[in-house]
2 protein chains.
Amino acid sequence: MAVYTDVAAEDLAEFLRDYDLGSLLSLKGIAEGVENSNYFMMTEAGPFVLTLYEKRVSAADLPFFLGLMDHLARRGVPCPIPIEDRGGAALKELNGRPAAIVSFLKGVSPRRATAGHCGGVGRALADMHLKGAGFAPRRPNALSLGGWRKLVEGCGRGADGIEPGLSDEIASELAAIEAGWPSGLPSGVIHADLFRDNVFFDGDRLSGLIDFYFACNDLFAYDVAICLNAWCFENAREFNVTKARALLGAYRRVRPFEAAEVEALPLLARGAALRFLLTRLFDWLHPVDGALVTPKDPREYLARMRFHRGVESAAAYGLLDR
Amino acid sequence: MAVYTDVAAEDLAEFLRDYDLGSLLSLKGIAEGVENSNYFMMTEAGPFVLTLYEKRVSAADLPFFLGLMDHLARRGVPCPIPIEDRGGAALKELNGRPAAIVSFLKGVSPRRATAGHCGGVGRALADMHLKGAGFAPRRPNALSLGGWRKLVEGCGRGADGIEPGLSDEIASELAAIEAGWPSGLPSGVIHADLFRDNVFFDGDRLSGLIDFYFACNDLFAYDVAICLNAWCFENAREFNVTKARALLGAYRRVRPFEAAEVEALPLLARGAALRFLLTRLFDWLHPVDGALVTPKDPREYLARMRFHRGVESAAAYGLLDR
């Protein structure tokens with residue numbers, strides 16, 4: 001839950017004069033997103049989401065994120081559409097913060113993902129990967145290999161406080177992943193954070209993908225690997241191969257995997273688990289005074305990383321043939 | 001901001017089967033209300049607010065609150081209408097908590113109240129007082145005189161940590177208020193917490209009164225006194241008589257004051273300021289571990305109480321004649 005910047009109705013009413021959205025009818029701070037302040041906003045033109053970008057999001061990256069959402073939405077990806085003001089600007093300023101209005105998406109995030117949900121995620125992810133083609137701006141993945149090493153250094157020996165020996169385990173894991181990381185795999189724009197909270201369903205039908213604030217240019221198969229971690233485990237530890245098969249099967253019906261992607265998947269999945277282990281560990285070891293969000297337990301991703309380390313081939317993910 | 005109980009979309013979808021509201025289209029935890037968990041909920045039947053009642057609200061009082069909202073809404077007061085399920089029940093249970101769905105009200109709370117807003121508040125308050133007639137259930141005001149003495153005892157000498165001598169000042173203030181408290185004034189159902197956050201406006205027009213969870217049977221003029229404190233001060237200390245005149249003038253055009261009410265108003269306003277001073281002081285001195293809400297500064301109401309202590313007659317509130 002997060003509403004860091006409090007918006008006065010009067011200030012928003014003034015802000016809305018730049019838009020063709022009619023007058024303000026309702027404004028509610030919503031408990032969605034942990035990096036930014038989000039408001040459900042109703043105007044005479046309908047429901048919208050107002051986002052004020054807080055310090056953890058780099059203002060320089062915002063044109064990339066908003067431009068990408070616009071690009072994808074115009075091509076049929078069910079993501080929020082940034083709303084432009086009369087001057088054609090989608091990125092504005094409110095209360096001294098970068099701010100944007102985006103379209104409101106119906107749907108709810110499932111608490112308990114089914115294999116049907118996982119199939120929807122796989123299909124939507126592949127569709128997004130294909131439709132990102134032609135989006136010219138580029139954003140390197142700050143949370144790829146190079147970023148992980150910096151996080152490891154920032155954590156020092158702190159991991160040992162969570163489990164004795166964990167610092168060494170992470171160091172050797174990072175070395176193994178760096179050594180084996182694939183090159184030359186298909187790449188493009190990836191979501192990089194397609195967790196349950198960021199996917200909406202209307203019944204069984206996937207109705208929305210949100211929160212593109214980690215989107216970047218990277219390997220498509222790495223995005224798939226993130227989703228395997230995010231969607232296919234039960235109780236943090238037990239891998240559900242039925243869900244994985246549904247996710248991967250739906251993905252490749254839209255965008256077939258190359259052989260090298262299938263081969264790399266276990267290592268990419270280890271890397272994805274390490275990435276979330278490291279960011280959680282870092283936040284755990286460096287709590288922010290007055291934070292509104294409780295740091296998440298890093299151990300969940302430690303268990304996943306260990307699972308993937310034991311995986312010999314993508315067959316363990318239910319991917320039996322190409 | 002407060003969402004204490006996290007509701008799974010699947011559980012809510014199941015819950016909604018008892019209602020004629022169609023299926024769930026959206027669910028967002030909203031930062032509204034400090035005592036309960038509130039969700040903006042969209043179903044095929046439109047937008048609603050789902051409330052889960054947390055521990056600070058007595059479950060035994062909920063039928064009073066919900067019954068009152070229903071009574072008032074049917075008589076044209078712009079308050080949320082409790083939605084009944086197919087069996088006619090408005091008060092239900094979800095996630096082990098008492099829960100209710102109410103209608104969604106358009107409008108926003110002003111950050112900077114104008115005299116026009118204050119007039120709207122006075123008019124709506126008087127209208128609510130008249131229309132509460134005929135609502136048979138009764139609920140004594142737990143936060144009237146008797147409750148204040150308990151709060152004073154619960155604060156011990158803690159007030160002295162905020163300002164030396166404050167404990168004695170509060171004790172003598174309480175004694176003076178107890179000695180002078182009027183009897184025989186017109187009474188009925190009052191809102192008792194009609195602060196800015198609990199009033200919505202659509203432009204200049206008052207469009208909603210919410211949060212009836214302190215409503216009770218007490219003196220009408222005491223409710224007016226609460227509103228004087230809540231709406232007619234600038235920067236916590238400066239009394240704005242133009243706003244008070246607008247509020248009181250609009251009130252008495254709907255429900256004329258009796259002479260004894262006008263005479264009692266300064267003491268009632270002192271009492272109202274003491275009431276919020278005491279509850280804030282108590283929360284300040286007894287912070288709750290893991291609370292999502294920062295205790296509010298009690299001194300704001302100390303300044304108001306001192307202002308009212310110096311008031312000789314309701315003329316100081318702009319009430320020049322009857």
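The values are calculated or read from the model by the stated rules, or taken from the named source; none is laboratory data. Here the structure is a predicted model, which is why all the values come from computation and not from measurement. Neighbour counts are summed over all protein chains in view; Cβ atoms, including those assigned to glycine, are modelled from backbone coordinates with ideal geometry.
Overview of results
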| read-out | value |
| --- | --- |
| A:Tyr213, sole failed condition from (1) modelled with pLDDT of 95 or more; (2) not in a helix (DSSP H, G or I) | (1) |
| Residue within segment A:282-295 that is in a loop (DSSP other than H, G, I, E, B), surrounded by 13 or more Cβ atoms within 10 Å (Cβ to Cβ) and acidic (Asp, Glu) present | no |
| The listed residue being crowded, with 17+ Cβ neighbours inside 10 Å, at pLDDT 95 or above, in contact with a Lys or Arg (Cβ under 7 Å, 6 or more places away or on another chain) and away from chain B (no Cβ under 14 Å), out of A:Leu174, A:Leu194, A:Leu185, A:Leu143 | A:Leu174 |
| Selection status of B:Ala90, away from chain A (no Cβ under 14 Å), in contact (Cβ under 8 Å) with a residue 12 or more places away in the chain, surrounded by fewer than 21 Cβ atoms within 10 Å (Cβ to Cβ) and within 30 Å of B:Val254 (Cα to Cα) | no |
| Residue count for segment A:121-142, restricted to those that are of a type in the set (A, V, I, L, M, F, W, C), out of contact with any strand residue (DSSP E or B) (no Cβ under 8 Å at 6 or more places or on another chain) and not in a helix (DSSP H, G or I) | 1 |
| Any hit, segment B:120-137, residues being within 23 Å of B:Phe233 (Cβ to Cβ) and either modelled with pLDDT under 95 or in contact with a Ser or Thr (Cβ under 6 Å, 6 or more places away or on another chain) (or both) | no |
| From B:Glu238, B:Glu263, B:Glu300, residue being free of Cβ contacts under 8 Å to residues at least 12 places away in the same chain and either more than 20 Å from B:Cys118 (Cβ to Cβ) or surrounded by fewer than 23 Cβ atoms within 10 Å (Cβ to Cβ) (or both) | B:Glu238 |
| Qualifying residue in segment A:70-79 (condition: over 18 Å from B:Arg111 (Cα atoms), among the β-branched types (Val, Ile, Thr) and within 14 Å of chain B (Cβ to nearest Cβ)) | no |
| Criterion: out of contact with any His (no Cβ under 9 Å at 6 or more places or on another chain), within 14 Å of chain B (Cβ to nearest Cβ) and of a type outside the set (Phe, Trp, Tyr) - qualifying residue of A:Arg205, A:Arg237, A:Arg149 | A:Arg205 |
| Leading residue by the ranking (farthest from A:Asp6 (Cα to Cα)) among those in segment B:103-120 that are within 7 Å of chain A (Cβ to nearest Cβ), assigned to a loop (DSSP other than H, G, I, E, B) and not small (Gly, Ala, Ser) | B:Lys106 |
| Residues of segment B:181-200 classified as more than 26 Å from B:Ala260 (Cβ to Cβ) and touching a residue at least 40 places away in the same chain (Cβ under 8 Å), total | 5 |
| B:Ser207 surrounded by 15 or more Cβ atoms within 10 Å (Cβ to Cβ), touching a residue at least 60 places away in the same chain (Cβ under 8 Å) and of a type in the set (S, T, N, Q) | yes |
| Identity of the residue in segment B:20-34, in contact (Cβ under 8 Å) with a residue 24 or more places away in the chain and over 21 Å from B:Gly107 (Cβ atoms), that ends up farthest from the other protein chains (Cβ to nearest Cβ) | B:Asp20 |
| Matching option when the condition is assigned to a loop (DSSP other than H, G, I, E, B) and among the small types (Gly, Ala, Ser), among A:Ser167, A:Ser183 | A:Ser183 |
| Options B:Ala269, B:Ala316, B:Ala273: the member that is more than 22 Å from the chain's Cα centre (by Cα) and among the small types (Gly, Ala, Ser) | B:Ala316 |
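Conditions (1) within 14 Å of A:Ala100 (Cβ to Cβ); (2) more than 14 Å from chain B (Cβ to nearest Cβ); (3) in contact (Cβ under 8 Å) with a residue 12 or more places away in the chain; (4) surrounded by 22 or more Cβ atoms within 10 Å (Cβ to Cβ), marked per residue:
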site	(1), (2), (3), (4)
A:Glu14	no, no, no, no
A:Asp18	yes, yes, yes, no
A:Tyr39	yes, no, yes, yes
A:Leu50	yes, no, yes, yes
A:Glu54	yes, yes, yes, no
A:Ala60	no, yes, no, no
A:Leu68	yes, yes, yes, yes
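Yes/no per residue for (1) more than 30 Å from B:Ala142 (Cα to Cα); (2) of a type outside the set (Phe, Trp, Tyr); (3) in a loop (DSSP other than H, G, I, E, B):
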residue: B:Thr5; (1), (2), (3): no, yes, yes
residue: B:Leu21; (1), (2), (3): yes, yes, yes
residue: B:Glu54; (1), (2), (3): no, yes, yes
residue: B:Phe65; (1), (2), (3): no, no, no
residue: B:Leu72; (1), (2), (3): no, yes, no
